[in-house]
1. Measure out, as a whole number of angstrom, how far apart the alpha-carbon centroids of segment 77-110 and segment 1-73 sit.
2. Provide Trp94, Trp52 in ascending order of the number of other Cβ atoms located within 10 Å of each residue's Cβ, fewest first.
3. Ranked highest first by the average count of other Cβ atoms within 10 Å around their residues, in what order do 27-38, 74-85 fall?
4. Expressed as an acute angle from 0 to 90° and rounded to the nearest 10, what is the orientation of the C-alpha long axis of helix 57-70 relative to the principal long axis of the chain?
5. Pairs of alpha-carbon atoms within less than 8 angstrom and 6+ residues apart define the contacts here; what relative contact order does the chain have, in percent?
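What follows is calculated from the coordinates using simple rules that are stated; it is not laboratory data. Keep in mind the model is a prediction, meaning the values are calculated, not measured. Cβ sites come from the backbone with ideal geometry, for glycine too, and all protein chains shown count toward neighbours.
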Amino acid sequence: MPLNTFNPPVRPSMGTGIAPEVTLRKAQFGDGYTQNSPAGLNHIRQVVTLKWETMSLAEARQIETFLIGQGGYIPFYYTLNGESTPRKWTCESWALTDGHPSKIQATFRENFTTAT
């Protein structure tokens, strides 16, 4: 089954937070020595916090509807600002602020699964 592509009705606001999530295997030895190694091929995963701060309620609901449809576990494609190739993401956490303007904040985690 092909993955959906997230195309929000407006671009995210400036200030997208990008933080790597690094997974390592660590072996601690009795003399205080530690040996680290990467936990798999994709041991560095990007985690981004996107904000849309000035949008209509209809635009905010469009983003919310997409995220609800992905259920927090179904990967989707999204291209970050400044990148030319989409990456695969999941989104387990988002919040909508109903107002004039409406706002949404969502946290996307890079996804490396090969099948859905």
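1. Segment 77-110 and segment 1-73 have Cα centres spaced 9 Å from each other.
2. Going from least to most buried by this count: Trp94, Trp52.
3. Descending packing order for the listed peptides: 74-85, 27-38.
4. Taking the Cα atoms of the chain, the angle to 57-70 is about 40 degrees.
5. With pairs under 8 Å counted, the relative contact order is 29 percent.
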